[in-house]
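Read through the structure below, which is laid out as structure tokens, and then see the notes.
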Amino acid sequence: MTNLIRWEPARDFMTLREAMDHLFDDAFTRPLSIRDGWSAPAVDMYQTDNEVIVKASIPGFKADDVQINITGDILTLRGELKREEEKEDKAWHIREQRWGSFQRSLVIPTAVVTDKSKAEFENGILTISLPKAEEVKPKTIAVKVK
């Protein structure tokens, strides 16, 4: 004996909510390793009274692998990691190490003195210190009492 099931064509279509759930699940729960190469590194930028500080997270890189350029008010970070040579005697089970190049450009929010800028690299964090130009530093005016 065979059971008959009523065919409802709408059941075969995914609802908008289900489609959005799949989209967000795929975008936020899959590991970054499914793509070859690097996406742009995570960056923090803030300013103090005297300088603009940029911190970029680029683990696995050496200082020689990274290039920093400032053109006008644009700070550009570039880097490249070479892919490990393929060896035929390996049978990969998981391969999540990233390789390739990245580029990230940021607008510097205020005028800076590029000649006095400094960059340090420690534990996968690149820290760039950009001294503010004198004309944009806050000035304190003393108030005299009469």
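Throughout, read-outs are computed from the coordinates displayed, never taken from laboratory work. All values reported here derive from a predicted model rather than from experimental measurement. Positions of Cβ are backbone-derived with ideal geometry, glycine not excepted, and every protein chain shown enters the neighbour counts.
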Taking the simple approach of a point 7 Å from Cα along Cα-to-Cβ for both Arg17 and Thr114, what is their distance in nm? 5.3 nm
Enumerate the whole-percent occupancy of each 10 Å bin, from 0 to the last occupied one, for all C-alpha pair distances of region 67-146. 12, 31, 21, 16, 11, 5, 2, 1, 0
Please report Met45, Met20 as a ranked list, fewest other C-beta atoms within 10 angstrom at the top and most at the bottom. Met20, Met45
From fewest to most C-beta neighbours within 10 Å, the residues His93, His22 line up as His93, His22
The percentage of Cα-Cα pairs in region 56-98 separated by more than 11 Å is 76 percent
Residues in region 63-94 reached by a label modelled at Met45 [backbone nitrogen below 14 Å; 7 Å Cα→Cβ]: 69-78
Could you list the residues of region 102-146 with an amide nitrogen less than 18 Å from a label point located 7 Å from the Cα of Glu80 in the Cα-to-C-beta direction? 102-105
The set of residues whose placed amide H lies less than 5 Å from the amide H of Trp99, leaving out same-chain residues fewer than 5 positions away, is Gly37
